[in-house]
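One structure below.
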Amino acid sequence: MIGQMPTQQVIAMLKAAKPAQAFGILSSMPIDRITHVMTFMEPADLTAMLLALRPRQQVEFLAMIPSERRPLIFSRLSMGQYADLLPAVTPELAAQMLADVSTATAAELLSDMSPDVAARLVTLLPRGSAVVKAMYEIHARESVVRAAPNVSWLDQGSCDLAADVFGRRVQVAIRYLPETDSMQIDVDRAVSHADWGSIAGMLIVTNLRPGEPALLQVKHQEQAGRRVELVRWLDQPDDGVLKRALVRLAS
């Protein structure tokens, strides 16, 4: 009977039904009929139905929605709703969800997931390297916050922070480089952006092991009277290295 009903009548019936009942009605339809009905449903109605379903039903419901219509639903979700849905859906669907938000938002969402799941999802993103960079900056910034009682932004674009340690200010420059990048950290460039009249020193934090050119730049800066340290930080086990460097620069 439902198969013979006009599309708008089916939509009206779905809106009037309880979410679980509406989901059951949709599930009983042929795939082409589901696609046709969802193409004509308002995104707000689809979103409301999605959020009212149980987690397992939400995953199945999202899979029913035509891929070109999903961004209209994703744009109506809050960060919390995104975070609840991401771990439950298929990797391909999660990648589509993440592709619909900014790089910074995708990094925030992935940073709250388990490292294994986050790493798998990053490989499916067209801008994966940018998301990995943003995730590194989030985690490294959190390490600085754990190490210093007062941390503030100096430049969000370059990921430069000011950390107050023992009453003295240290500038922290977080610099991520791709693993496949042959470039070295440009110590001189980071140092040139600092206001040396207001800081006791600069700590440059990077994900790669510093090479000889970068270490030589640090030595030259020290010879010029500027206190600079360059440390490799990858994860929480490296917090001690970062904190000790901050203490040395502030003392």
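Could you give the size of the charge dipole of the chain about its Cα centre, using +1 on the Cβ of each K and R and -1 on the Cβ of each D and E, expressed in debye and rounded to the nearest 20? Provide the component values of the computation, followed by the final result.
On the way: 25 positive and 27 negative charges, 69 e Å.
Its charge dipole is roughly 340 debye.
The Cβ shell under 15 Å around Gly157 holds other residues with a net charge of +1, Lys and Arg each +1, Asp and Glu each -1.
With the simple model of a label 7 Å out from the Cα in the direction of the Cβ, Thr39 to His220 spans 6.4 nm.
Would you give the gap between the C-alpha center of segment 100-173 and the C-alpha center of segment 193-221, rounded to a whole Å? Taking the Cα centre of each part, segment 100-173 and segment 193-221 sit 19 Å apart. Here the calculated FRET efficiency for Ser75 and Ser28, from their Cβ-Cβ distance with R0 = 35 Å, stands at 0.75, rounded to the nearest 0.05. Cβ-Cβ distance of Ala88 and Gln21, R₀ of 30 Å, FRET efficiency by 1/(1 + (r/R0)^6): the value works out to about 0.90. Here the sum of -39500 (n - 2.57) over DSSP H runs of 4 or more residues, divided by the residues of the chain, equals -16000 deg cm²/dmol at 222 nm, to the nearest 500.
Applying 0.36 nm per residue to the separation of Asn150 and Ala52 and subtracting their alpha-carbon distance, the gain on full extension is 31.1 nm.
Remark: the Val241-Arg209 segment gains 10.2 nm on full extension, using 0.36 nm per residue and subtracting the alpha carbon distance.
Rule-based calculations on the coordinates, nothing more; no lab input. For clarity, every value in this text was computed on a predicted model and none was experimentally measured. Positions of Cβ are generated from backbone atoms using ideal geometry, with glycine treated the same way; all protein chains shown enter the neighbour counts.
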